[in-house]
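Below is one structure, written out as structure tokens; the observations come after it.
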Amino acid sequence: MAKRTWTLLNVAEDQFVEKLELTSKDVDGVPEGLSIIKRRLYGGMRDGVDVIEVDNGAFRFVVVPTRGMGLWRATLGEVQLGWQAPVKGGPIHPSLVRLEAADGLGWMDGFDELLARCGLESNGSPVFNEAGVLRYPLHGKIQNIPAHQVEVSIDDSGEITISGVVDESRLFCGTVDDAELFGKKLRLTTSYTTKPGEPGVRIVDTVSNLSAVRGEFQMIYHINVGTPLVNAGSKLVAPVAKVAPRFLVEAEAIPTWDTYPAPAVGGHSACLYHDLLADASGRTHVLLHNAEATQGVSIFLNKNQLPCFTQWKNVQAVEDGYVTGLEPGTNFPNERPFEAKQGRVVTLQGGESRTFEFAIEAHADAKSIAAAKKDVLKLQAGREPEVLHEPNPEWSIT
Amino acid sequence: MAKRTWTLLNVAEDQFVEKLELTSKDVDGVPEGLSIIKRRLYGGMRDGVDVIEVDNGAFRFVVVPTRGMGLWRATLGEVQLGWQAPVKGGPIHPSLVRLEAADGLGWMDGFDELLARCGLESNGSPVFNEAGVLRYPLHGKIQNIPAHQVEVSIDDSGEITISGVVDESRLFCGTVDDAELFGKKLRLTTSYTTKPGEPGVRIVDTVSNLSAVRGEFQMIYHINVGTPLVNAGSKLVAPVAKVAPRFLVEAEAIPTWDTYPAPAVGGHSACLYHDLLADASGRTHVLLHNAEATQGVSIFLNKNQLPCFTQWKNVQAVEDGYVTGLEPGTNFPNERPFEAKQGRVVTLQGGESRTFEFAIEAHADAKSIAAAKKDVLKLQAGREPEVLHEPNPEWSIT
Amino acid sequence: MAKRTWTLLNVAEDQFVEKLELTSKDVDGVPEGLSIIKRRLYGGMRDGVDVIEVDNGAFRFVVVPTRGMGLWRATLGEVQLGWQAPVKGGPIHPSLVRLEAADGLGWMDGFDELLARCGLESNGSPVFNEAGVLRYPLHGKIQNIPAHQVEVSIDDSGEITISGVVDESRLFCGTVDDAELFGKKLRLTTSYTTKPGEPGVRIVDTVSNLSAVRGEFQMIYHINVGTPLVNAGSKLVAPVAKVAPRFLVEAEAIPTWDTYPAPAVGGHSACLYHDLLADASGRTHVLLHNAEATQGVSIFLNKNQLPCFTQWKNVQAVEDGYVTGLEPGTNFPNERPFEAKQGRVVTLQGGESRTFEFAIEAHADAKSIAAAKKDVLKLQAGREPEVLHEPNPEWSIT
């Protein structure tokens, strides 16, 4: 099948396209209604941010090369995927995200996306030394590194792919053998693919070790959905083998783990850790839908690639960021040293790489949600989830 | 009265105007000589900074949306308001201001303005933990956050208003009740208004709590004037109930608190804290004029809104930043925890806001200065200022 | 001799040229083949970086005003000066270089140049307090400060000069006498000059104290060359009085100090400190050439200006940054307090300045290398280098 490709950015080849508008008319034979717009945003905290707005005729989404190829927002008709973050005016330019703030929470300066990648050297809670000096900031750097290579392609069937390359890499040198010093040269190669009329997008990520020596990485896909999809009585439908609170103080969220309350002024945040069920190939599926079961979102993933699943229930007022995070990852968002001890930091030998494939699909009607629910229940296969009311010591620092 | 409005920036509506030039010709019926130029600066540390240059036919000033709607410089004929900062090439882009530097002084990287706002979460001296890890950097973030909404309007009388909105807001989430964690979602809405021929500008700021829960803020208006207006023998004329040095080491500046010496190589800095007198409505007025009483600047403010007044006498060589700061605020520029203990951190309930109104007026002749002086003396009403030669324990950490 | 000058940037005069292309045709009477292109780079981590690409008909080099007037890369025919840094997509914009990272290594985010200046307030290894809080980050700020004034000139003979001014200056104020507080207002004025056909470039730097009071500075010229010039068997030919390892663990590099091994997976880094020999005027010369003695680079410098010479042998795999640094400086790259104790921090009285002149020359054939070698050997004059197998306590923290 023939495919046309447009380079939007290739730093190595000194190529940059500030603005590009492609529609079905630009590619012979593809279906009507496709549109891809690459443009640069100006003003405020988004000044200089490049975005790619894709419309496959039904599903629309915005990819942000300047923010590590993150996925900003998506819509399918009335269904809005994403959330109303307290950070307004995004997507926020990485140069204004003060990652190195001493409290380790600088990442929050730019956090407003539907999909934010957490990694690569580290993710999870900030880590400090005994005196309180920051060692690993919250959720790492990759989401705040601009891509250096970006392409869009359309094949004869009208399938659109946005691909990009983001490097988290710099010199490390030392006088002794130390993988911590040497091996931190990682590359994220990502693609977003969608067909005409498809109600979602498929994502393929490869994390490569550019170094000749051993390196390590972590990856969590921080997928965030808020109001109006999430509302009082909305449900997470997931094939669960075991679920546990991260901390004991979060156990209050356990009895109603799969249900969301209304936004609550001064409400709390809880992280629930899940061991999902999957089929023989590792395929699994989680569904989130509103109370009325008329709007929803599915995440399709492979548990062999992403064994850990975190459900973040952040039940604050809407203006304070009412949102749930559905977060498949190579690990749980604990402090990196704990995850390392539990074997949940990925090792890559020199030149080695690891691939992650998942998909995000919106549901705009009851029928589609019913079908998705049926798929999840088939994975559950009648097994009763093991619901822990205390943290699991293998999953949490207790 | 009819008013025409131009949107210069509205991120939410995806509107940005790189360049706009308005003059009296663009608005029917307004007086001659008005000019408003919005443009972007390029190169050096100012690259990408947007400025709005306003000329009301007499008074000219520059507002900087990219730097939190700060007021960069102003002139009235020969009178220059502002100072010769050791930072050259400003206004400095916030992305090059390393606010998170471990010494807490990163804010200085961008400090070159006539009016810099200090806040909103905190202002004043940097605060560290016991090990020396930064908790609150000097003077907070608001001056280094770009506005996301900016408008200019002109009414039939030729009155010009520049308004902007700046958010210091991001997600906070926690597992327990903690106002420090939740409530830090603050919005500054500011307007600068001037009439044709008016010798100054009137400022109205509103600080709003965007959160549904309780929040706190601090605000100091750091108004800075240097050479040539400030010179040997220049005077601060202020209606003073009480004045005290911040630190004992600064008490050397007390005996001549209202007079400025010539620039001095290797000279020192002193902060003097004032309790100003005001009329029944809270209205008060401070005047700074040169030795010859031919150039000056007045600040009109309301003590009910801004109860604390700091006079910063920085008597260094001109090339090292000879300057005085006239700094009305909700608090004194001490470390935030001390100000909190003294009740000088403002609490806002969810959705609540607080407004500050003040004006800056230039004086270009002896007559205008004499009139201003008369107004201040009327507020003083013959009362003798209480001059403390040691810090006031309610005002300073002693 | 007549000279034409083009201003590319002058912030004080509000001048900025986004793009300029000059060739021999633009200047009457100069030789054919000259070209100067000033342009802005877009996309990725280099977005907004201004570069000046100079071709004198033989030698080509790229100066980066946005990165402190650094020298990015140079070529003479087949000879490539520079290296393959693990940071891809440079030159990196300073706003994305997280200088204030708690580990003190943020400078590495942008390190990919042939010539990076280290200074001015400090350079060398990061310095921390007892609790591990950063005091001086690695290699200082100057390389990550954009120039505020840039010019290009061509004289009748076709000699090209690129000059720029970079300020590392901001307000410091205190209540006591403290040169650390007051004097940190430094200016770098630099020029790169080359004649038609010249195989290199001559650099003149002046560091000035803009303050009226005493200030201090440090300067190391971090000149970096990697593959293919550096290969197994390549040689450093330098007139050496004494050479010592920085640390004992680096002494393994001493027996073969003047020879480079092949890139080595997981290889180590060593810094060797040299006391170079010079002629009566201070003139000295170091040569680096490949194993075949067909490609090389000379650095001509004055030991009276730059008394310390560091050779950095970073023998990692090519993808991990195989490179040697040839680093003349006012000091060795130790922690600043140690260098201060050893008298290797430069003091400048108010308004005083210090000038550094050096040249980088490429060698594209055996004959040119032989001539360079002869010049170095003449400086060596048969004296045997004193080769220390342990650190010299005057040069290193032991």
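The values are calculated or read from the model by the stated rules, or taken from the named source; none is laboratory data. Not measured: the values here are computed from a predicted model. Cβ coordinates were reconstructed from backbone atoms using ideal geometry, including for glycine residues, and neighbour counts include every protein chain displayed.
Data table
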{"quantity": "Residue pairs meeting the criteria (Cβ under 7 Å; at least 6 apart or on separate chains; first hydroxyl-bearing (S, T, Y), in region A:19-45; second surrounded by 15 or more Cβ atoms within 10 Å (Cβ to Cβ) and modelled with pLDDT under 95)", "calculated": "A:S24/A:V30"}
{"quantity": "Selected residue (only one of A:V323, A:V346, A:V387 is over 30 Å from A:P86 (Cα atoms) and crowded, with 17+ Cβ neighbours inside 10 Å)", "calculated": "A:V346"}
{"quantity": "Top-ranked residue of region C:46-55 - restricted to ones that are within 14 Å of chain A (Cβ to nearest Cβ) and in contact (Cβ under 8 Å) with a residue 40 or more places away in the chain, ranked as nearest to the chain's Cα centre (by Cα)", "calculated": "C:V51"}
{"quantity": "Region B:86-99: number of residues that are crowded, with 23+ Cβ neighbours inside 10 Å and of a type in the set (K, R)", "calculated": "1"}
{"quantity": "Criterion violated by B:P337 - all others in (1) more than 14 Å from chain C (Cβ to nearest Cβ); (2) buried (at least 16 other Cβ atoms within 10 Å of the Cβ); (3) not β-branched (V, I, T) satisfied", "calculated": "(2)"}
{"quantity": "Among (1) more than 23 Å from A:G124 (Cβ to Cβ); (2) β-branched (V, I, T); (3) in contact (Cβ under 8 Å) with a residue 12 or more places away in the chain, the one test that A:T256 misses", "calculated": "(3)"}
{"quantity": "Check on C:D103, free of Cβ contacts under 8 Å to residues at least 60 places away in the same chain and more than 10 Å from chain B (Cβ to nearest Cβ)", "calculated": "yes"}
{"quantity": "Condition check for C:D26: over 30 Å from A:K184 (Cα atoms) and under 25 Å from the mean Cα position of the chain (by Cα)", "calculated": "no"}
{"quantity": "Failed item, numbered, when A:E130 is tested on (1) assigned to a loop (DSSP other than H, G, I, E, B); (2) at pLDDT 95 or above; (3) within 11 Å of another protein chain (Cβ to nearest Cβ)", "calculated": "(2)"}
{"quantity": "All positions within region A:63-100 that are of a type in the set (A, V, I, L, M, F, W, C), more than 16 Å from B:K141 (Cβ to Cβ) and more than 14 Å from chain C (Cβ to nearest Cβ)", "calculated": "A:V63, A:L71, A:W72, A:A74, A:L76, A:V79, A:L81, A:W83, A:A85"}
{"quantity": "Residue within region A:100-109 that is surrounded by fewer than 19 Cβ atoms within 10 Å (Cβ to Cβ) and either part of a helix (DSSP H, G or I) or at pLDDT below 95 (or both) present", "calculated": "yes"}
{"quantity": "Pair list, Cβ < 6 Å and 6+ apart or interchain, from region B:56-74 residues that are without any contact (Cβ under 8 Å) to a residue 60 or more places away in the chain to residues that are in a loop (DSSP other than H, G, I, E, B) and not acidic (D, E)", "calculated": "B:V64/B:P91; B:W72/B:P91; B:R73/B:G82; B:R73/B:L114"}
{"quantity": "Out of C:L210, C:L188, sole residue that is within 14 Å of another protein chain (Cβ to nearest Cβ), more than 20 Å from the chain's Cα centre (by Cα) and of a type in the set (A, V, I, L, M, F, W, C)", "calculated": "C:L210"}
{"quantity": "Filter result (more than 14 Å from every other protein chain (Cβ to nearest Cβ) and either surrounded by fewer than 22 Cβ atoms within 10 Å (Cβ to Cβ) or in contact with a Pro (Cβ under 6 Å, 6 or more places away or on another chain) (or both)) within region C:263-283", "calculated": "C:D275, C:L276, C:L277, C:A278, C:D279, C:A280, C:S281, C:G282, C:R283"}
{"quantity": "Qualifying residue in region C:352-368 (condition: among the β-branched types (V, I, T) and over 30 Å from C:G215 (Cβ atoms))", "calculated": "no"}
